[in-house]
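Chemist: The structure that follows is given in the form of structure tokens.
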Amino acid sequence: MRGLLDLILPVKCLFCDKPVSSKNIIPLPICAEHERELPRLNPPLCRLCALPLGARVVRRPNEASSPEPDIKKIPPEVPLCGDCRLSVVKFDFVLASYAYCDELRTIVHDWKFNSFKYWGSWLGRRMAHQLEGEFVPEKWDYLVPLPLYFRKLRQRGFNQAVQLAEQLSYHFELPLLKALRKSHATRAQSELKFSERLANLAGCFCILEEQKSKVVDSSILLVDDIYTTGATLKCAADELQKAGANRVAGLVLARSLPPGFD
Ligand SMILES: [Zn+2]
Ligand SMILES: [Zn+2]
């Protein structure tokens, strides 16, 4: 049946027009070659924002001119970018599976804005595979996907972070906890200047009443699709920490890179 469909209605790769043959009922428009070429981030990476550090000098706290991170004392051997050295630490770490390249941008657009939801489990499985060995699942209690505002959810039909978290939950045998709710709509972070991003998000997440007891003293892995400035993840981490979470880390599908990094 699949073979017949391939003949009548061949699905083509988004990037090279090659017909895609697939065992899946709904084949995804990407050929094996382009799938292999999705770029990873080049280590060493900043532990708190997954920025590739390359040959950049990593400043140690005692060499920094601004105050040291004021929540946790970070040992000097942990690789951090200049910004993270100087900012308040919210996470134990942030891990990203891919660099947010043009190909991934096209896929994410098809996934989120054309509402082609089938990318979700495909990307989630790849994300899980890439994160294998990067953290110790047994040390964490829950995977918490970032929520969408209900109107956005209704419009899109699915929450992309939940789709990713479902695959991670399956792969790492960690429970998925929908602990956060988005209490009001926010403007797309990508439309805003860096300085406006935190204000845009202020107070936009809250903890669901019925999950509050689970959050207390727990170790939480936040899950989201794209890391740009990290403002969204930081706001969510803030809320979880205020509610008594012990540790929070971030797992993201892709990390967007500032100019000059790709
Ligand atoms: Zn291709
Ligand atoms: Zn960093």
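Chemist: Residue by residue through segment 166-197, note down the ones that are crowded, with 16+ Cβ neighbours inside 10 Å and of a type in the set (A, V, I, L, M).
Modeler: Scanning segment 166-197 gives 168, 174, 176, 177, 179, 180, 192.
Chemist: A follow-up question, please. Here's a check for you: in segment 110-129, which residue that is part of a helix (DSSP H, G or I) and among the basic types (Lys, Arg) is modelled with the lowest pLDDT? Steps first, answer last, please.
Modeler: Here is the first cut: in segment 110-129, the ones part of a helix (DSSP H, G or I) are 110-112, 119-129.
After this cut, where a residue has to be among the basic types (Lys, Arg) as well, the list is 112, 125-126.
On the way: 112: 91, 125: 95, 126: 94.
The extreme case among them is 112.
Chemist: Of everything in segment 99-116 that's more than 16 Å from ligand 1 (Cβ to nearest atom) and buried (at least 21 other Cβ atoms within 10 Å of the Cβ), which residue is farthest from residue 132 (Cα to Cα)? Lay out the reasoning, then the answer.
Modeler: If we filter segment 99-116 for residues that are more than 16 Å from ligand 1 (Cβ to nearest atom), which is where we start, we get 99-100, 108-109, 111-116.
Imposing the further condition that a residue be buried (at least 21 other Cβ atoms within 10 Å of the Cβ) reduces the set to 100, 111.
On the way: 100: 19, 111: 24 Å.
Going through the qualifying residues, I end up with 111.
Chemist: Let me ask something else about it. Select from segment 130-161 the residues that are free of Cβ contacts under 8 Å to residues at least 40 places away in the same chain and in a helix (DSSP H, G or I) and write down the one among them that is farthest from residue 112 (Cα to Cα).
Modeler: So, considering only residues that are free of Cβ contacts under 8 Å to residues at least 40 places away in the same chain and in a helix (DSSP H, G or I), the one farthest from residue 112 (Cα to Cα) is 138.
Chemist: Another question, then. What number of residues within segment 189-236 are free of Cβ contacts under 8 Å to residues at least 24 places away in the same chain and part of a loop (DSSP other than H, G, I, E, B)?
Modeler: 3
Residue by residue, here is whether (1) more than 16 Å from ligand 1 (Cβ to nearest atom); (2) on the phi > 0 side of the Ramachandran plot; (3) modelled with pLDDT of 85 or more holds:
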| position | (1), (2), (3) |
| --- | --- |
| 10 | no, no, no |
| 22 | no, no, no |
| 30 | no, no, yes |
| 35 | no, no, yes |
| 42 | yes, no, yes |
| 53 | yes, no, yes |
| 59 | yes, no, no |
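Chemist: Go through segment 82-98 and give me each residue that's buried (at least 20 other Cβ atoms within 10 Å of the Cβ), at pLDDT below 90 and either under 15 Å from the mean Cα position of the chain (by Cα) or outside any helix (DSSP H, G or I) (or both).
Modeler: Within segment 82-98, just 90 meets the criteria.
Chemist: What number of residues in segment 26-49 are under 30 Å from residue 87 (Cα atoms) and more than 16 Å from ligand 2 (Cβ to nearest atom)?
Modeler: 2
Chemist: Out of 248, 252, I need the residue that is among the aliphatic types (A, V, I, L, M), under 12 Å from the mean Cα position of the chain (by Cα), assigned to a strand (DSSP E or B) and buried (at least 18 other Cβ atoms within 10 Å of the Cβ). Which one? I'd like the intermediate steps shown before the answer.
Modeler: Details: 248 fails: under 12 Å from the mean Cα position of the chain (by Cα).
Matching residue, one of 248, 252: 252.
The values are calculated or read from the model by the stated rules, or taken from the named source; none is laboratory data. As the structure is a computational prediction, the values presented were derived from the model and not from experiment. Methodologically, a virtual Cβ is constructed for each residue, glycine included, from the backbone with ideal geometry; neighbour enumeration extends over all protein chains shown.
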